[in-house]
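Below: one structure, written as structure tokens.
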Amino acid sequence: MRIGILLNEHAGPDSLRLFTDELRQAADEGFDSAWLPHVFGLDALTALAIAGSRVPEIPIGTAVVPTYPRHPGALAQQARSTALAVGPDRLTLGIGLSHKIVIENMYGHDFGRPVRHMREYLEVLTPLLEGNPVSFTGETVTANLALTVPNEDHVPVLVAALGEQMLKLAGRATEGTILWMTGPTTIRDHIAPTITEAATAAGRPAPRIVCALPVLVTDEPDAARARAGKVFKMYGTLPSYRAMMDREGVAGPADMAIVGTEDQVAERIRGVIDAGATEFVGIVFDGGEAAGRTRKLLTSLKS
């Protein structure tokens with residue numbers, strides 16, 4: 001069982017130092033991987049390049065970089081530069097569409113034809129990550145360029161795929177998917193069979209299925225669920241995640257949080273892996289003693 005942890009976004013002038021310290025803690029504790037979200041704080045790849053060059057022991061990844069605001073050539077250049085900074089076989093590039101409210105209302109891009117956008121995006125991103133030139137003209141993306149970043153390291157790509165068409169695309173064209181607000185029933189009945197069938201048909205290896213969920217070891221599960229409901233409330237309003245919660249048969253984000261004693265949390269995480277996830281990434285959503293218990297339990301599950 002591979003167990004990773006999602007790192008926190010930090011604000012203020014000390015944010016990079018705090019992030020580096022947190023990455024060091026994750027490495028010292030023995031996590032299999034550490035992931036950084038890319039929202040409106042630190043640029044995830046830049047932060048990982050800096051912190052990862054100072055903390056060399058742990059695999060790192062983005063969870064996830066939105067595609068629409070970045071030309072795939074620019075993202076490939078940045079990812080290969082980050083991989084060069086942190087060393088071989090460490091960086092996983094997690095990418096995703098984000099959400100209509102972000103892409104259209106905040107960035108001003110057209111969120112139409114998302115599957116075509118991602119398909120064409122990968123047509124440019126993938127060869128450039130592999131060090132090959134690209135000449136491609138699509139309906140949403142065009143590129144005629146080659147990169148000279150002095151790095152031949154392989155950078156695996158995971159697509160944040162939840163719907164059927166995106167899962168099929170991820171299976172055919174990438175190393176797998178990274179999930180959020182998606183539970184074991186949905187992984188077993190929808191995610192794993194869809195992406196695996198597509199990967200098999202394309203002659204690709206079995207895909208990575210990275211499942212990220214809120215987790216907290218506590219003797220007060222009701223209070224923890226209430227806190228999770230507040231912290232993650234907005235995800236219940238976003239259509240892609242709402243669809244996954246509907247598939248799972250739960251009311252909202254509070255029900256997706258894995259909370260309880262060590263034994264209860266361990267059982268639920270094993271259930272996620274048994275359902276078809278290849279890796280579990282914990283989002284520890286409280287501090288103090290509960291956070292310490294949670295991190296200790298998570299690393300104890302590694303195998």
Of (1) assigned to a helix (DSSP H, G or I); (2) surrounded by 20 or more Cβ atoms within 10 Å (Cβ to Cβ); (3) out of contact with any helix residue (DSSP H, G or I) (no Cβ under 6 Å at 6 or more places or on another chain), Arg188 fails just (2)
Within the range 99-125, residues being modelled with pLDDT under 95 and either among the hydroxyl-bearing types (Ser, Thr, Tyr) or closer than 13 Å to Ala170 by Cβ (or both) number 1
Exception for Val259 within (1) in a strand (DSSP E or B); (2) under 18 Å from the mean Cα position of the chain (by Cα); (3) β-branched (Val, Ile, Thr) falls at (2)
Note: among Ala34, Ala47, just one is among the aliphatic types (A, V, I, L, M), surrounded by 21 or more Cβ atoms within 10 Å (Cβ to Cβ) and not in a helix (DSSP H, G or I), namely Ala34
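Residues are listed down the side, and each one gets a yes or a no for (1) in contact (Cβ under 8 Å) with a residue 40 or more places away in the chain; (2) part of a strand (DSSP E or B); (3) in contact with a strand residue (DSSP E or B) (Cβ under 7 Å, 6 or more places away or on another chain):
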| residue | (1), (2), (3) |
| --- | --- |
| Lys230 | no, no, no |
| Met245 | yes, no, no |
| Ala251 | no, no, no |
| Ala254 | no, no, no |
| Ala266 | no, no, no |
| Ile269 | yes, no, yes |
| Ile273 | yes, no, yes |
| Gly282 | yes, yes, yes |
For the range 94-105, pairs from a residue that is closer than 12 Å to Val39 by Cβ and in contact (Cβ under 8 Å) with a residue 12 or more places away in the chain to a residue that is of a type in the set (A, V, I, L, M) and not in a loop (DSSP other than H, G, I, E, B), with Cβ under 7 Å and 6 or more apart or across chains, are Gly96/Val159
Listed by first then second residue, the pairs whose first member lies in the range 8-22 and is under 19 Å from Leu45 (Cβ atoms) and without any contact (Cβ under 8 Å) to a residue 24 or more places away in the chain, whose partner is of a type in the set (Gly, Ala, Ser) and assigned to a loop (DSSP other than H, G, I, E, B), with beta carbons under 9 Å and at least 6 positions apart or on separate chains, are Leu18/Gly12
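The values are calculated or read from the model by the stated rules, or taken from the named source; none is laboratory data. Keep in mind that this is a model prediction, so the values were computed, not measured. No Cβ is skipped: glycine too gets one built from the backbone with ideal geometry, and neighbour counts run over all protein chains shown.
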